[in-house]
Each structure stands twice: as C-alpha cells, then as structure tokens.
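Just below is one structure, and these are the notes that go with it.
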Amino acid sequence: ESTPAAPSQPKVRSKGLDVASLWNEEKSKRKASAAFVVIGHVDHGKSTLMGRLLLDTGAVSQRDIDKYKKQATELGKASFALAWVMDTGSEERERGVTVDIAQHYFSTDNVDFTILDAPGHRDFVPNMIGGASMADLAVLVVDANQLESGMKGQTREHILLAHAVGLQKLVVAVNKLDSTTPAWDQEIFRSVSAEVLKLLKQTGFTEENVAVIPCSGLSGENVAKAPAASSGAAWVSKEHPTLLQQLEKFAPHLTSIDTVKKPLRLQIADVFRGGITNPLSIAGRIKSGNVQVGDSVTIQPSGETATIKGIEVSGEGRDWTVSDDIPTLHLVDIEPQHLRSGDVVCSSQKPVKVVKNITAKVQALDSLLPQRVDIHVGRLHVPGGISHLVATEDARGETLKKKPRIVKAGQRAVIRLALDDGVPLEDGDRIVLRTDGSTIAAGRIEAISL
Ligand code: GDP
C-alpha cells in the first residue's frame, strides 16, 4: 500500500509545562492505579470473568451485555455474552483495527484499573510476555473442574512467564465454582488451591504475594459482590475477600518523582494506523520520564523524531503523562514505517542506545549451550545467539565455575548474547530466552555494548 503525502499539519506547540511539578502537586489527589494481565488456560473463563468485572463495576452497561447476549444467542453461544466484552477490545471497536494487547478500564472508589489482555492469537506467547511486562500484577484464572489440564500446559507456562518478566503479585481466581458437583464444593476449592500454590512456589512466587479467591465469572458470585448468604457459597465470604477487594489490596502506586524526572522511555506495545482524526498512534507503558503535547521525541532503533500531537490515558485526553501511565500517544511528523511494536519512544536529549551485544544474568529453565535463541524484552523480540557462557553462580551471586561448557536447568549463570539486529535495550531490562516455542531462561540485562 502507498500512503499519500500527508497534508501539512498545523504545527503542534509545546506549552512548556513543568510536568514533574504538576504531577507532584496532583499525585496526592489522584487515585491509585494498577494494571493487570489475565493469564490461564484457554476456556477456563478469563474473558467471562473480565466481562463480569467490567459489568459489575459499571464500566460496561447491562444494555451492552444484553445486546451481546442477543447476538450470542443467535449464534447459539449464549454463554459467551460476557466474554464478548473482552473479545472485542475497546481500541478495536473505536479504531476498527486489531490490537495485540487490548486495554479495558474500570474503577473502584480507590483504584483505577487497567486490564491488559493479549487475545489468543497464533502469536500468543510474545503478546503475553508484552502484556505481562506492562503489568503490576497478574490474575491467573483456573477452572475448578479442570484440576488436571489446569496444572499443565498453558497454566504452567503462563505462571513461568509472569514470573520471568518480573511480576511478583498474583491473584488466582479459582473459577466456575457454580458448576462443580456439588456446586461451591469447598473440598474441590481446597485441592485446586493447594495444587496451584505448589506450582507457584516452585516457580518462585512467595506466599505473601499470592492470594487464591473462589469465584464464578458467569454467575458473578465473589467477583465484585459477595455471594448471597443463603447460597451454597456462604462459606466463601467467611474466609475470602471478593476478587475485586483482593485486586485493590494488591494494587500498588509506586511512581516516584525520581522516575518521573528521568529521561523518557516508553516501549511501544501497539501501533495504530488509519484513524481519522489521529492517523498514527502508539500505546505502551511509560517506564520512566514524562511527556507532554508538543514534545519532540526520538524513536529507537530508527532514530527518527516525531511530535506528540495528543495524549490519552484511560481513554481521556490529557496535556501530559508520566511514568507508570499507559497512554496512547498520537504522533505527527514521522512516517509510519519507523514505528513498530517493541520500538522505544524516548527523550531526544538522552535516547536509549541501540545495542547488539548484551551480558545477562539468567536462571536457566532448560540446559543452555552456545546456541540460537529468541530474545524477548517486553514487546520486543529479536533472534540471536548465546555467544559465551561466562560463569555459573550460586544464589548469592558468587562464581561457581568460569566458562562452563553447559549451564544446567535450574542453575544461575552469566551469559553473553549476540543479537542479529540492533535493538533499543538498557541495563536492568528483563529478558526471556526461548527456542522452538519453549522458554529456556529468564533474567536481567547486566551490561550492553554496541
Ligand atoms: P477463556 O478462553 O479463558 O477466555 O474462557 P471464556 O471466558 O471464553 O469461557 C469459556 C467457556 O466457559 C464459556 O462457555 C463460558 O460461558 C464458560 N464459563 C466461563 N466462566 C464460567 C463460570 O464461572 N461458570 C461456568 N459454569 N461456566 C463458565
């Protein structure tokens, strides 16, 4: 496709705001915010549960759900009405484009939440790594009737990846308890909880950062509302908060003024083209710094500059946005081919470096040799190779063996990676290494070189 020459845009001017000071003044008045990713095996009820959260917090109206129900019934899939809220992301509906990481918003009196949802594509895992990298916490959905499949395959891999990208807090929703035999069977809940907890601990999650909540997305019991005292689910409220209450408990608000003042870094999660008022937009989470309308920014690795024409956070227009926000930025003065998911929007004064060689400290999940790997850093993935096994280390970071011939599953090691292409990365970034569709190591970048 060829894009016709863009008509000359009216110049966007910066108001020259002192964003860090504005944010500092406003932050005590702002609600806490938290973004979470939804993970778990297909069909365990992720979309239905999220649809329920959106409905019961008023983010989606009963009228919308009734409309979906009618459409779903006509297709003989009435039980999917709530799930449809998620299947068509808000961005998709508004912009008529597909997205890799859909965002949905809901609020309580205390917290503004963003759901990050990587719809089940062919390319699900890279998207899931991308979504999880932007999240503060994860919600793992497990079907109470599927103890077996729940503990294998996708559930196991998603837990591993959530941990690998650095997520520490996780809420397990033991779902579909309305349909156990008997309904709301406490024994079933207990055995599923025990199995999931075991798996989470093996992966490295600590008990204080994990909560297990019994619920039913379909009936709505213990999602945003406690079950009726008369129902078989009465035991639930005696021992457990609702899913929503638990999410509020785990919701952090970590942004510090130091981070807000650092150079801008935003890894692009999605690029949107072809909008009528905003032909070119990107979305992602701000890792550090701040940005305002009118700013000129640099996109890496292309090194091209762009001007910020507009900013939206949680679907609302803003003059500025800071670290930890997940804005959509409308851009002008740049050609679309310079913007791809995984690229980094950064300060033009201090752009992120484009690197081809990295040293990383990793935990091996499978044996590592000098070999080809796919390197994932958030939304970015690039092929490359393990060029050196530098050393294996013990848990305190003391060297066990220099230049080992192999790193065995479970060991910690320092390794060097040579990437096929230059990509924008920094010290401290979390990396995940995969080959042939399985995750073989995860860790952090220790050093970079061109
Ligand atoms: P996903 O693939 O994990 O997003 O799962 P969906 O939300 O699409 O649900 C898969 C199927 O499970 C659908 O038929 C849902 O109606 C059904 N389902 C989801 N949640 C519940 C629940 O809490 N109870 C019961 N009984 N069925 C549910």
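The values are calculated or read from the model by the stated rules, or taken from the named source; none is laboratory data. What you see is a predicted model, and the numbers here were worked out from it, not measured in a lab. Cβ coordinates were reconstructed from backbone atoms using ideal geometry, including for glycine residues, and neighbour counts include every protein chain displayed. The accessibility values were calculated without ligands, DNA or RNA, using every heavy atom of the protein model including side chains. Shrake-Rupley method; radii C 1.70, N 1.55, O 1.52, S 1.80 Å.
Observations, loosely collected:
- Under the Karplus curve 6.51 cos²θ - 1.76 cosθ + 1.60, θ = phi - 60°, whole-Hz ³J(HN,Hα) for the range 350-364, x wherever Gly or Pro sits: 10, x, 5, 6, 9, 10, 10, 10, 9, 10, 9, 9, 10, 9, 7
- Fully extended contour minus Cα-Cα distance, from Asp333 to Asp43, at 0.36 nm per residue: 100.0 nm
- Å² of accessible area per residue within the range 318-446, as computed with a 1.4 Å probe and no ligands counted: 46 Å²
- Rounded to the nearest 20 debye, the dipole magnitude of the chain is 940 debye, with +1 charges on Lys and Arg beta carbons, -1 on Asp and Glu beta carbons, and the Cα centre as origin.
- Taking only alpha carbon atoms, the range 329-450 gives an Rg to Rh ratio of 1.03, where Rh is the Kirkwood radius.
- Ordering of 372-380, 358-366 by packing [mean C-beta count within 10 Å, highest first]: 372-380, 358-366
- For the range 174-188, Karplus couplings with θ = phi - 60° (6.51, -1.76, 1.60), whole Hz, Gly/Pro x: 7, 9, 6, 5, 5, 10, 6, 10, x, 4, 6, 6, 5, 5, 4
- Placing dummy labels 7 Å off each Cα toward the beta-carbon, the span from Ala183 to Glu148 is 2.6 nm.
- Applying 1/(1 + (r/R0)^6) with r as the Cβ-Cβ distance of Asp436 and Gln202 and R0 = 35 angstrom yields a FRET efficiency of 0.95.
- Computed P(r) (all Cα pairs; the chain; 20 Å bins; percent): 24, 54, 21, 0
- Annotated for the range 222-378: lysine pairs at least 8 residues apart or interchain, Cα distance under 13 Å, count 4.
- The Rg/Rh ratio for the range 3-86 is 1.23, where Rg is the radius of gyration of the alpha carbons and Rh is the Kirkwood radius.
- Surface composition of the chain: carbon plus sulfur atoms hold 48% of the accessible area, using a 1.4 angstrom probe and ignoring ligands, DNA and RNA.
- Contact order, relative form, for the chain: 13 percent (alpha carbon pairs under 8 Å, 6 or more residues apart, mean separation divided by residue count).
- Stretched out straight at 0.36 nm per residue, the stretch from Glu312 to Lys225 would grow longer than its current Cα-Cα span by 28.3 nm.
- The range 388-450: equivalent-ellipsoid semi-axes (sqrt of 5 x gyration tensor eigenvalues, Cα, Å): 20, 15, 12
- Spacing of the modelled spin labels on Glu195 and Ser256, each 7 Å from Cα toward Cβ, amounts to 4.2 nm.
- Alpha-carbon centroid distance for the pair the range 413-438 / the range 223-253, whole angstrom: 40 Å
- The range 300-358-the range 173-187 distance, computed between alpha-carbon centres (Å): 45 Å
- What the range 224-266 shows is 52 Å² of accessible area per residue, with the surface traced by a 1.4 Å probe over protein heavy atoms.
- For the pair Arg372 and Ala234, the difference between a 0.36 nm per residue extended length and the Cα-Cα distance amounts to 44.3 nm.
- Summing Lys and Arg as +1 and Asp and Glu as -1 over all other residues whose Cβ lies under 9 Å from the Cβ of Glu446 gives a net charge of +1.
- Within the range 159-283, the proportion of C-alpha pairs whose separation exceeds 20 Å stands at 59%.
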